[in-house]
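Novice: Below are the structure tokens for one structure; questions will follow.
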Amino acid sequence: MTHPTADLYGLPLTGQWIKSSYSNGNGSDCVQLMKLPGGVALGDSKAPERAPLRYPTADMAAFLAAAKAGEFDHLLED
């Protein structure tokens with residue numbers, strides 16, 4: 001049995017990248033997301049040559065819930 005994340009790496013990236021409305025003005029320096037069957041791909045628009053990371057839907061949902069709750073805010077403090 002393979003891990004769900006490993007299965008996501010076998011899928012082609014044929015969907016539409018979505019960039020945050022909070023990215024810089026020209027929209028080129030941001031994290032971008034793409035819906036995959038069973039998950040989400042996460043890429044860096046500044047480095048399109050790097051392979052995007054891929055996460056199962058449940059993992060991404062847990063991360064987004066934690067981010068919305070402020071669990072990672074301390075990482076942005078200087």
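The values are calculated or read from the model by the stated rules, or taken from the named source; none is laboratory data. Keep in mind that this is a model prediction, so the values were computed, not measured. Surface accessibility is based on the protein's heavy atoms, side chains included, excluding ligands, DNA and RNA. Shrake-Rupley method; radii C 1.70, N 1.55, O 1.52, S 1.80 Å.
Novice: Can you compute log10 of I(q)/I(0) for the chain with the Debye formula, treating each Cα as one identical point scatterer, at q = 0.11, 0.15, 0.22 Å⁻¹?
Specialist: Result of the Debye calculation: -0.34, -0.62, -1.14.
Novice: For the chain, modelled as a Gaussian network with Cα springs under 10 Å, which listed residue fluctuates most, Lys35, Lys19, Lys46?
Specialist: Lys46
Novice: With every protein chain in place, what's the accessible area of Tyr9 (1.4 Å probe, Å², nearest 10)?
Specialist: 110 Å²
Novice: Moving on. What order do Val31, Val40 take when sorted by accessible area (1.4 Å probe), most exposed first?
Specialist: Val31, Val40
Novice: Considering only protein heavy atoms, what is the solvent-accessible area of Glu77 at a probe of 1.4 Å, reported in Å² to the nearest 10?
Specialist: Solvent-accessible area, nearest 10 Å²: 130 Å².
Novice: I've got another one for you. Under 10 Å, Cα contacts only: if you run a Gaussian network model on the chain, which one of Leu13, Leu33, Leu42 comes out with the highest mean-square fluctuation?
Specialist: Leu13
Novice: Let me have the relative contact order for the chain, percent, based on Cα pairs under 8 Å that are six or more residues apart.
Specialist: Contact order relative to length: 22 percent.
Novice: Now a separate question. Keeping every protein chain present and rolling a 1.4 Å probe, give me the accessible area per residue for the chain in Å².
Specialist: Per residue, the chain has an accessible area of 75 Å².
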